[in-house]
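Engineer: Would you mind keeping the following structure in view while I ask a few things?
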Amino acid sequence: DTRRHTKTHEGLMRPFFLNAAECRLLSAMKLMNTVNFLWVLCVLYCGVLFGQEASLPYGARLLPNGDFELNGTILRKQAREIALPCRFVLSEGALEVIVAKPDGRMHETLLCTDIAAVQVQAMLYLLGAENGSRLPEQGRQGDIVDLFVEWQDDKGETQRQRIEYWIMDTRSGKNLEPVGWVFVGSTLRNGVFQADYEGNVVINYSVGATVLDSPDPAARDDDTLHVVDARKKQPQEQHKPMLILKPRR
């Protein structure tokens, strides 16, 4: 109900009507801590993303190129993508999770990040991404998001590779096709953001709460679909790897 949201926020700014994406963003913001809430609110309603001047709350900073950083996560305005710090976990073995939090399933994840899942979801909303069903036959499918790993090589040059480069599909014996990842979005239950509770940001075995999920129809029934491509060298922490999330639309 956009009118109800408008009345709730009349004391903060002039009356306005929210579109569906903005309503979802506000729902996500309610789950974030005060610093994150103020930062997202400032970016969305003060026009910072569109080049207008605005005061940033504590913990957020404007980078020289116009991008924004919060908690080590960068919203790249011109590229329309998000970059968050990560590290590789498994160098071989079966995968059920692509990106976990430290309190998640670390024994079966490719990457780990310290960034909260709710912050990732809110920033995807900022880029205009819309969440939805995992599969088209279940309703409107969530937007597809491409994942990359970006790092600095030994010469200090930036390298970038699709996440699928390190994932093998056990059915084909080849690297996973770059079909992208579905923005399904997580929900709130008893005041807790479920993806953060379960420690998931991106999963490939489609069981559990997460922000991004696999679009593979078989992903919910088979936990043996993907393994780490042990032949591929992984950037180490000194290479400062970053996970890049780039919505396709």
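The values are calculated or read from the model by the stated rules, or taken from the named source; none is laboratory data. For clarity, every value in this text was computed on a predicted model and none was experimentally measured. Every residue, glycine among them, receives a Cβ derived from its backbone with ideal geometry; neighbour counts consider all protein chains shown. Only protein heavy atoms, including side chains, enter the accessible area calculation; ligands, DNA and RNA are left aside. Shrake-Rupley method; radii C 1.70, N 1.55, O 1.52, S 1.80 Å.
Engineer: Please give me, ordered by residue number, the chymotrypsin sites (Phe, Trp or Tyr not before Pro) of the stretch 58-145 that lie in loop per DSSP and have at most 16 other Cβ atoms within 10 Å.
Structural biologist: Numbers: sites: Y58, F68, F88, Y125; in loops: Y58.
Within the stretch 58-145, the qualifying chymotrypsin sites (Phe, Trp or Tyr not before Pro) (loop, at most 16 other Cβ atoms within 10 Å) are Y58.
Engineer: Could the peptides 180-189, 164-173 be put in order, highest first, of the mean number of other beta-carbon atoms found within 10 Å of their residues?
Structural biologist: Working: 180-189: 21.0, 164-173: 16.0.
Descending mean neighbour count gives 180-189, 164-173.
Engineer: Would you work out the charge dipole size for the stretch 167-249 about its Cα centre, treating the Cβ of every Lys and Arg as +1 and the Cβ of every Asp and Glu as -1, and quote it to the nearest 20 debye?
Structural biologist: Values: 11 positive and 11 negative charges, 90 e Å.
Roughly 440 debye, rounded to the nearest 20.
Engineer: Then there's this: Compute the FRET efficiency between R248 and K155 as 1/(1 + (r/R0)^6), taking r as their Cβ-Cβ distance and R0 = 45 Å, and round to the nearest 0.05.
Structural biologist: Working: r = 31 Å, r/R0 = 0.69.
After rounding, the FRET efficiency stands at 0.90.
Engineer: How big is the Cα convex hull of the stretch 178-220 in projection, averaged over all directions, in nm²? Could you put the intermediate results ahead of the total?
Structural biologist: Values: hull surface 11.4 nm².
With every direction weighted equally, the projected area is 2.9 nm².
Engineer: Out of the stretch 85-153, which GluC sites (Glu not before Pro) are coil in DSSP terms and have no more than 14 other C-beta atoms within 10 Å?
Structural biologist: Of the GluC sites (Glu not before Pro), the ones in loops of the stretch 85-153 whose Cβ has at most 14 other Cβ atoms within 10 Å are E92.
Engineer: Could you sort out which of K174/K240; K77/K240; K101/K232 sit more than 25 Å apart by Cα distance in this structure? Write down the numbers at each step before the final one.
Structural biologist: Working: K174/K240 27 Å; K77/K240 21 Å; K101/K232 23 Å.
The pairs that break the limit, which is 25 Å between Cα atoms, are K174/K240.
Engineer: Largest first, please: the extent of the C-alpha atoms of the stretch 87-143 along each principal axis, to the nearest Å.
Structural biologist: The principal-axis extents, from largest down, are 34, 26, 15 Å.
Engineer: Tell me the carbon and sulfur percent of the accessible area for the stretch 200-249, rounded to whole percent, probe radius 1.4 Å.
Structural biologist: Working: 1130 of 2320 Å².
About 49 percent, which is the carbon plus sulfur part of the accessible surface.
Engineer: Go from 0 up to the bin containing the longest alpha carbon distance in the stretch 106-212, width 10 Å each, and give me the % of pairs per bin.
Structural biologist: Spelled out bin by bin, the stretch 106-212 gives 13, 40, 35, 11, 1 percent.
Engineer: Straight-line reach from K233: which aspartates and glutamates fall under 16 Å, measuring Cα to Cα and dropping same-chain residues less than 8 apart?
Structural biologist: E92, E150, D153, D154, E164
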